[in-house]
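This report refers to the structure that appears directly beneath it.
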Amino acid sequence: MSAEEINKALARRFFEEAWGNGNLAAVDEFIAADYVMYPIPPDLPPGPEGTKQAISTYRTAFPDLKATVDDIFAAGDRVAFRWSFRGTHLGDWLGIPPTGNHIAATGISVYRIAGGKVVENWTSIDLSPTEEEKRWLMEGGGWPRRSGDIPATERDTSQIPIWDVLTRNLTWRFRVAEAQERERIEQELKVSRRIQQASLPKEVPELEGWEIASYYQPAREVGGDFYDLFELEDGRVGVVVGDATGKGVPAALVGSATSSMLRAVAQASGSSSPGEVLAQVNQTLLARIPLNMFVTCLYVTLDPKSASLTYANAGHDLPYLHHDGEAKVLRARGMPLGLMSSMGYEEMELVLEAGESVLLYNDGLVEAHDPKRQMFGFPRLRALVAEHGEQRSLVDLLMEELYSFTGDGWEQEDDITLVTLRRSSAGR
């Protein structure tokens, strides 16, 4: 038998015994003490011990591993052979728990043999996505792409270490699932935003002797914030600011439904009582809202002729009245909507003098944080209203103060809603 044939038989026996059968004793029999593998695997000792650890790691993760020699030839002291692996991920792989994923790998190894043992090994392995993975990547909808092709970063594995490629292949389902979840969240955000935007008023009423301003800035994560301004009988105007608990589509739906319900009840009933309107909406909402949700809401009616402001509060942030250089809290007792049946809502009334204004808002402003995680807070807001409440651009001033407080790079945490009602000094 020629030296080449002997070397071929040695290489085949080593590969089939050590890799195919997991026989670690074959490593000592066929691998030289100064054995080196290229590329050098990370975190493995040189020589036979590194090969033993590699085999143990693979066979622990893939106990059904099948390793076959598909083609082999020899020349001089070199043996080259093409091989293939197949297995199921049923054990731990470098901290990755079993996924049940199937892997298929092919490769070419070149051994240099001296003294009846392998002294050097050059291996190239192909761990590109399997056919199953390709179908997920192309048809699963999880990857941002302009065509049906697999992204280049997923397709090209030539520059990635072997072990890292296998780790990536084992986690492709997770990565696809994560991408699909991100896509689902983005789509939900778009739907929520459309729902929310559709429920907002298209314009602010223009009333002689009054300046009404509104501001709404949505956060990236949509919540259940809403506001509305609408005409009532006898020239009165209804103003609503509210917030449904939760985030996403459910909160946006509940917020939009509550806003529409309030407008419909107020306009259909002809009632001038905000307390009665909130009580009726509460009863209707109670039968339709999910058990783990509720809505805080402030409802105000303004009679521009008499400058009378009547309001009722269903657990919402307390509005502020700017009066004689002070910010007075406007209190009215009432439980949030959708929590309890047959609730009553305290109703309060006041008359605004020329130059006085009322601020309605939600918690997105007061709960904003600066870089040190300090909140904007109610005391700061109250002080600003007291100092600047007479300004026509109170909304603009509050937003400037907010941006100054939060600093550059601020990520808005919640929707911000501001509504101001100001009786101008120019008369009615």
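Counting only residues that are within 15 Å of Pro274 (Cβ to Cβ) and crowded, with 16+ Cβ neighbours inside 10 Å, which one in the stretch 337-347 is nearest to the chain's Cα centre (by Cα)?
Residue satisfying both the conditions and the ranking: Leu337.
For the condition in contact with a strand residue (DSSP E or B) (Cβ under 8 Å, 6 or more places away or on another chain), under 19 Å from Asn23 (Cα atoms) and among the aromatic types (Phe, Trp, Tyr), what is the one hit in Phe73, Phe81, Phe62?
Values: Phe73 fails: under 19 Å from Asn23 (Cα atoms); Phe81 fails: under 19 Å from Asn23 (Cα atoms).
Sole residue among the options that is in contact with a strand residue (DSSP E or B) (Cβ under 8 Å, 6 or more places away or on another chain), under 19 Å from Asn23 (Cα atoms) and among the aromatic types (Phe, Trp, Tyr): Phe62.
Show me the helices (runs of 4 or more DSSP H) entirely contained within the stretch 337-419 in which 1 or more residues are in contact with a strand residue (DSSP E or B) (Cβ under 7 Å, 6 or more places away or on another chain) and within 29 Å of Asn292 (Cβ to Cβ).
Numbers: elements: 363-366, 378-388, 394-406.
By residue number, 363-366.
Which residues, counting only those in the stretch 316-332, are under 37 Å from the mean Cα position of the chain (by Cα) and surrounded by fewer than 14 Cβ atoms within 10 Å (Cβ to Cβ)?
Matches in the stretch 316-332: Val329, Arg331.
Go through the stretch 177-277 and tell me which strands (runs of 3 or more DSSP E), entirely inside it, have 2 or more residues that are charged (D, E, K, R) and surrounded by 21 or more Cβ atoms within 10 Å (Cβ to Cβ).
By residue number, 223-231.
For the stretch 195-225, give me each residue that is closer than 21 Å to Leu309 by Cα and free of Cβ contacts under 8 Å to residues at least 60 places away in the same chain. Break it down stepwise before answering.
Let us first name the residues in the stretch 195-225 that are closer than 21 Å to Leu309 by Cα, namely 201, 203-215.
Within the stretch 195-225, Pro201, Glu203, Val204, Pro205, Glu206 meet the criteria.
Before we move on, is Val191 out of contact with any strand residue (DSSP E or B) (no Cβ under 7 Å at 6 or more places or on another chain), at pLDDT below 85 and within 18 Å of Leu65 (Cβ to Cβ)?
no
For the stretch 52-77, what are the residues that are under 15 Å from Ile125 (Cβ atoms), in contact with an Asp or Glu (Cβ under 9 Å, 6 or more places away or on another chain) and of a type in the set (Gly, Ala, Ser)?
The answer is Ala67, and nothing else.
Look at Asp71 and say whether it is surrounded by fewer than 16 Cβ atoms within 10 Å (Cβ to Cβ) and either within 24 Å of Asn101 (Cα to Cα) or among the aromatic types (Phe, Trp, Tyr) (or both).
Criteria not met by Asp71.
Looking only at residues that are of a type in the set (D, E, K, R) and within 13 Å of Ser109 (Cα to Cα) in the stretch 7-22, which one is nearest to the chain's Cα centre (by Cα)?
Arg12
Could you check, for the stretch 12-30, whether at least one of its residues is of a type in the set (Gly, Ala, Ser), surrounded by fewer than 20 Cβ atoms within 10 Å (Cβ to Cβ) and on the phi > 0 side of the Ramachandran plot?
yes
The values are calculated or read from the model by the stated rules, or taken from the named source; none is laboratory data. All values reported here derive from a predicted model rather than from experimental measurement. We place every Cβ from the backbone using ideal geometry, glycine too, and count neighbours over all the protein chains shown.
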